[in-house]
1. Looking for whichever is of a type outside the set (G, A, S), under 28 Å from W443 (Cα atoms) and touching a helix residue (DSSP H, G or I) at 6+ places or on another chain (Cβ under 6 Å) here; the options are V251, V304. Which one fits?
2. All but one of (1) closer than 30 Å to S370 by Cβ; (2) in contact (Cβ under 8 Å) with a residue 60 or more places away in the chain hold for A48; which doesn't?
3. Across segment 143-165, what is the total count of residues that are over 21 Å from G93 (Cα atoms) and within 9 Å of the ligand (Cβ to nearest atom)?
4. For A52, which of the numbered conditions (1) part of a helix (DSSP H, G or I); (2) of a type in the set (G, A, S); (3) under 25 Å from the mean Cα position of the chain (by Cα) fails to hold?
5. From Q286, Q303, Q349, grab the single residue that is of a type in the set (S, T, N, Q) and in contact with a Phe, Trp or Tyr (Cβ under 8 Å, 6 or more places away or on another chain).
6. List the number of the failed condition for D91; all other conditions in (1) surrounded by fewer than 18 Cβ atoms within 10 Å (Cβ to Cβ); (2) acidic (D, E); (3) under 21 Å from P26 (Cβ atoms) hold.
7. For segment 246-347, give me every one of the strands (runs of 3 or more DSSP E) that falls completely inside it and has 1 or more residues that are closer than 27 Å to D402 by Cα.
8. Considering each of V304, V271 in turn, give the residue that is surrounded by 19 or more Cβ atoms within 10 Å (Cβ to Cβ) and assigned by TED's automatic domain parsing to the domain that holds V372.
Amino acid sequence: MKEFLNFINGQYVKSASGSTFENRNPVNGSLIGMIHEAGKPEVDAAVAAAKAALTGDWGRISVTERCKLLDAVALEINRRFDDFLQAEIADTGKPHHLASHVDIPRGAANFQIFIDTIKSASTESFNMTTPDGRTALSYGVRVPRGVIAVICPWNLPLLLMTWKVGPALACGNTVVVKPSEETPATATLLGEVMNAVGVPKGVYNVVHGFGPGSAGEFLTRHPDVNGITFTGETRTGEAIMKAAAEGIRPVSMELGGKNAAVVFADCDLKVTIDTLQRSCFENAGQVCLGTERVYVERPIYEQVVAALKERAEAMTPGEPFDPATRIGPVISKEHQVKVLSYYQKAREQGATVVTGGGVPDMPPHLKDGSWVQPTIWTGLPETASVITDEIFGPCCHISPFDSEEEVLGKVNANRYGLATAIFTQDIGRANRVAQRIHVGLTWINCWFLRDLRTSFGGSKASGIGREGGIHSFEFYTDLRNVMVKF
Ligand code: NAD
């Protein structure tokens with residue numbers, strides 16, 4: 001039986017209280033292993049180790065040395081690519097082609113990009129003349145913020161965790177990671193990598209458990225945590241902000257979304273449908289940037305509904321290592337119930353179910369997995385729950401529109417503001433509309449394409465702060481000003 005231990009001060013440790021919980025494979029419901037829950041003593045030990053490491057070797061080495069270590073981390077993840085891949089696939093059930101092209105390579109790349117960024121990061125400097133005719137020079141210095149709590153979701157476990165751990169460590173901080181209770185494996189494995197390449201003890205720590213009354217709450221309430229970076233649901237973000245208010249600790253929040261796609265009649269239809277197929281259904285719809293609302297200009301509305309229906313039906317569910325598999329299960333039975341409850345609500349509220357709407361018929365050995373059908377609805381008013389709420393499943397509602405103003409009003413009416421995709425060949429209109437949509441990220445004629453040097457984050461209820469390139473350093477460093485008169 002596999003065991004997932006906490007990683008504290010360079011060592012794997014069991015739960016002192018003996019509390020463990022199950023890690024199950026969402027493909028067939030089989031037991032992968034037991035996770036050791038961190039109680040208050042383990043969280044205290046992890047934070048203490050992280051605090052001590054700040055003033056140990058880690059705090060003394062140069063940026064160049066730090067970058068060499070992080071480069072070694074990225075190389076070691078790639079050397080152990082298959083171990084990470086197997087671990088991620090077992091926890092999430094996602095298809096092999098997805099995990100091997102996105103999760104693991106991007107997980108390693110997140111260290112590399114922030115090595116490059118920190119090496120070329122500059123700060124401001126100003127010269128001024130003082131009233132007595134002398135000169136004053138002021139300049140900024142960036143210092144690590146300290147111990148960073150990293151709270152992660154389950155949808156892209158390694159990728160989203162290293163998106164935070166990479167810049168945190170590049171800036172000289174130490175971290176205590178709380179992976180999702182659903183996906184403990186890759187964060188645990190990263191501890192082996194840290195030890196193998198010689199990252200000092202206490203720099204990277206992992207505590208397992210849940211949110212309230214467990215590792216998540218103990219960590220975010222800990223007074224020696226100097227900043228909290230969180231990716232997950234907006235409601236959880238609110239709870240974490242309350243915890244962070246005590247001690248005035250800064251937060252970085254990457255939260256939920258209810259992302260729209262806007263399809264104009266002059267779009268390249270092939271590019272649009274190829275992209276929508278991915279943005280609506282990839283990773284079983286469990287991508288924060290995924291599309292759950294599609295607005296199509298009326299002349300091509302029926303055509304888009306028919307084409308996307310065909311693509312949804314081509315998303316063959318199956319085992320991760322079967323090359324025919326296009327879609328995996330959702331993360332857990334609990335999440336399956338949530339997604340299916342929205343499928344039910346859509347029917348009750350009078351939706352036309354274009355395709356899907358339930359659980360696919362799976363072979364006997366996969367029946368206990370958490371499967372849901374890719375689903376498309378039409379015909380609902382903008383107030384319907386499946387148009388207002390984040391579902392985080394492989395589904396979308398498609399509505400027609402007649403004017404730019406009308407579609408902008410509908411897209412912006414939602415409380416979330418994470419991402420949008422616009423499809424049109426009129427470059428002027430694309431840019432005009434992009435600048436009027438209240439989101440942190442807009443794609444034009446593409447989706448999920450990222451240059452990691454650029455800002456990433458949400459507006460409105462989708463987040464606070466921006467990560468990516470130099471923007472990450474706003475959170476992971478404390479900017480100090482020095483003024484000298486001469
Ligand atoms: P979640 O909010 O349920 O859990 C995220 C993490 O928070 C888990 O590790 C959980 O144990 C922990 N947690 C829960 N309650 C806590 C508390 N009170 N204190 C401290 N920690 C607590 O989210 P999830 O279901 O794991 O992930 C899906 C959500 O994440 C979706 O809403 C999705 O949109 C969002 N997400 C956003 C982005 C983004 O970049 N904006 C990226 C990926 C996922």
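1. V251
2. Result: A48 passes all but (1).
3. Count: 3.
4. Only one criterion is unmet by A52, namely (3).
5. Q286
6. (1)
7. Correct list: 259-263, 291-297.
8. Within the list V304, V271, the selection yields V304.
The values are calculated or read from the model by the stated rules, or taken from the named source; none is laboratory data. The shown structure was predicted, so the numbers you read here are calculated from the model rather than taken from an experiment. Methodologically, a virtual Cβ is constructed for each residue, glycine included, from the backbone with ideal geometry; neighbour enumeration extends over all protein chains shown.
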